[in-house]
Amino acid sequence: MQLRGFRTSVDQLSAVDPFLAQTFTAINRDLEKLTMSALPSGKTGLGGTGSEDSEGADPFGRLLLKQRKLLEARNVLISHIKTLPSFDNFLSTPSFDNLCSAASCPVILINHSEYRSDILILHRSSSSLITTSEGFYDRAGGLKDRLLNARKQSRLDSEEYESTLASVLIDLYELVGQPVIDRLHELNIPEQSRVWWCPTSVFCFLPLHAMGPIPSDDGVKRYFSDLYIPSYTPTLSALIESRKPGTQLSRPPSLLLVAQPDDSLPGVRGEIKVIQELDIKVERLARRNATSTAVVEGLKRHEFVHFACHGILEIGKPFDASFKLHGDDRLTLLDIVHSRLPAAEFAFLSACHTAELTEESIDDEGLHLTAALQYCGFRSVVGTMWAMADTDGRDVSRWFYRSMLSQAGEEEVPYHERSAMALRDAARELRDMKHVPLERWVNFVHYGA
């Protein structure tokens with residue numbers, strides 16, 4: 001999220017003082033490059049062995065010194081910009097009213113701390129506090145541990161994992177879902193409304209969108225996503241950015257399809273057929289044509305992107321998470337973060353692990369491929385919490401795009417804003433198929449607008 005600040009829009013500033021806008025953009029780019037050169041592996045990107053150089057400073061120390069000087073210069077520029085008419089609040093901490101502007105539909109924040117845990121619902125200009133139950137902190141931590149341990153010890157398609165996931169969803173509903181739904185009813189929030197989850201700590205690992213089943217008189221199994229249309233956001237600021245008004249397209253969007261069908265992913269061939277039959281323009285990069293360079297360039301030309309390939313999770317190395325392309329080529333999270341994508345609107349990541357956090361992940365960071373796409377400008381992103389079944393890419397894509405591209409009465413709603421409902425519709429279709437385990441439909445999550 002810190003890197004997002006280095007890509008602050010300067011369109012309004014350019015109209016007033018183009019030189020000042022260019023100078024500010026240049027400093028931001030230098031800071032972004034410097035920040036991303038310090039990889040989690042400990043490499044600084046500055047060369048050397050880590051021992052002190054002839055000037056008495058190690059490479060990491062020189063990096064910090066350079067960063068401090070750039071930040072000082074940036075702060076001087078910000079102070080100057082704030083003296084301009086109508087720029088007095090430039091890059092100031094958002095006020096509570098501005099944060100609430102993200103909550104035209106309810107945003108549910110969950111604070112998980114050993115000192116105090118709360119559930120807060122923001123809606124329009126008001127907030128509603130839900131006092132958590134006794135033992136909330138420890139119970140939530142236990143749910144995370146149960147789920148991650150089961151994922152580590154059992155196959156996703158095993159009865160052991162299915163049983164654990166089912167019990168976690170039931171307990172999660174009791175802990176969070178029931179009090180939230182009761183409060184939404186008290187606030188007169190209609191069912192089938194959009195809602196956003198903004199979790200912290202262990203709740204970043206838990207499938208809040210699928211809590212349940214919810215007790216009913218008719219015996220029909222219903223989950224949270226049956227009552228409301230859920231999305232996730234790492235922060236309120238990220239949601240505000242994704243919902244800022246953009247240029248309304250006067251034509252249907254175009255889509256970049258990145259696909260790698262092989263013996264381990266035979267279902268991708270069917271998924272390619274589904275995407276190419278869509279009633280929109282599709283550019284396909286497959287097999288040897290899908291190099292990391294070609295994909296990054298393609299991302300700049302299209303509003304939509306659909307990945308159908310292997311997603312690779314590097315435990316303890318979040319910046320090395322990647323999409324497997326042709327041969328040994330990979331498109332890494334860091335490659336995506338480096339990209340600048342002016343046309344970005346929506347991304348469907350039909351690959352394993354694209355929104356997964358592990359025991360080695362830093363709580364609250366939300367550092368995965370789905371978050372990287374949102375950071376780079378995609379307003380809405382569909383990702384996966386763990387490995388996905390090969391045929392689900394084909395089936396979920398078919399149901400998803402049919403819903404998003406043809407939602408009746410929604411012609412004036414941007415496509416990316418239709419994607420949450422479309423994913424909910426597709427997940428329901430998958431859930432209604434015979435002999436489909438919980439983990440397959442729970443797997444798909446929606447981030448952003």
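The values are calculated or read from the model by the stated rules, or taken from the named source; none is laboratory data. In this text the structure is predicted, and so the values were computed from the model without any measurement. Note that each Cβ is placed from the backbone with ideal geometry, even for glycine, and that neighbours are counted across all protein chains shown.
Got at least one residue in the stretch 306-318 being part of a loop (DSSP other than H, G, I, E, B), in the same structural domain as Trp441 (by TED's automatic domain parsing) and of a type in the set (A, V, I, L, M)? Yes, some residue in the stretch 306-318 is part of a loop (DSSP other than H, G, I, E, B), in the same structural domain as Trp441 (by TED's automatic domain parsing) and of a type in the set (A, V, I, L, M). Just so you know, in the stretch 334-348 the residues that are free of Cβ contacts under 8 Å to residues at least 60 places away in the same chain and in a helix (DSSP H, G or I) include one that is farthest from the chain's Cα centre (by Cα), and it is Asp335.
Here Leu175 qualifies as closer than 13 Å to Ile119 by Cβ, in a helix (DSSP H, G or I) and either of a type in the set (S, T, N, Q) or touching a Lys or Arg at 6+ places or on another chain (Cβ under 9 Å) (or both). For the stretch 198-227, which positions are surrounded by fewer than 23 Cβ atoms within 10 Å (Cβ to Cβ) and among the aromatic types (Phe, Trp, Tyr)? Across the stretch 198-227, the qualifying residue is only Phe205. One residue alone among Leu373, Leu430, Leu367 is of a type in the set (A, V, I, L, M, F, W, C), closer than 25 Å to Pro342 by Cβ and surrounded by fewer than 23 Cβ atoms within 10 Å (Cβ to Cβ), and that residue is Leu367. Residue-level check: of (1) of a type in the set (Gly, Ala, Ser); (2) in contact with a Cys (Cβ under 8 Å, 6 or more places away or on another chain); (3) closer than 27 Å to Leu147 by Cα, Ala210 misses just (2). Listed by position, the helices (runs of 4 or more DSSP H) inside the stretch 367-449 whose residues that are among the polar types (S, T, N, Q) number at least 1 are 369-375, 390-404, 415-432. Only one entry of Pro234, Pro253, Pro213 meets the criterion of being out of contact with any Ser or Thr (no Cβ under 9 Å at 6 or more places or on another chain) and farther than 21 Å from Ser419 by Cα, and that entry is Pro213.
Among the residues making up the stretch 178-211, those that are part of a helix (DSSP H, G or I), within 18 Å of Arg424 (Cβ to Cβ) and of a type in the set (Val, Ile, Thr) are Val180, Ile181.
Quick check on my filter: what residues within the stretch 149-166 are over 25 Å from the mean Cα position of the chain (by Cα), assigned to a helix (DSSP H, G or I) and more than 11 Å from Leu438 (Cα to Cα)? Hits for the stretch 149-166 are Gln153, Glu160. When His353 is tested against (1) surrounded by fewer than 19 Cβ atoms within 10 Å (Cβ to Cβ); (2) part of a loop (DSSP other than H, G, I, E, B), just one condition goes unmet, and that condition is (1). The test for being among the aliphatic types (A, V, I, L, M) and in contact (Cβ under 8 Å) with a residue 40 or more places away in the chain does not hold for Val282. Evaluating Pro234 against the criteria (1) outside the structural domain of Leu148 (by TED's automatic domain parsing); (2) closer than 26 Å to Arg340 by Cα leaves one unmet condition, (1). Scanning the stretch 264-303 for residues that are more than 14 Å from Phe323 (Cα to Cα) and small (Gly, Ala, Ser) yields Ser264, Gly267, Gly270, Gly298. Glu159 passes every criterion in (1) exposed (fewer than 15 other Cβ atoms within 10 Å of the Cβ); (2) in contact with a helix residue (DSSP H, G or I) (Cβ under 9 Å, 6 or more places away or on another chain); (3) at pLDDT below 95 apart from (2).
The residues listed here are Ile170, Ile121; of these, the one that is outside any loop (DSSP other than H, G, I, E, B), over 30 Å from Thr391 (Cβ atoms) and either under 26 Å from the mean Cα position of the chain (by Cα) or outside the structural domain of Val195 (by TED's automatic domain parsing) (or both) is Ile121.
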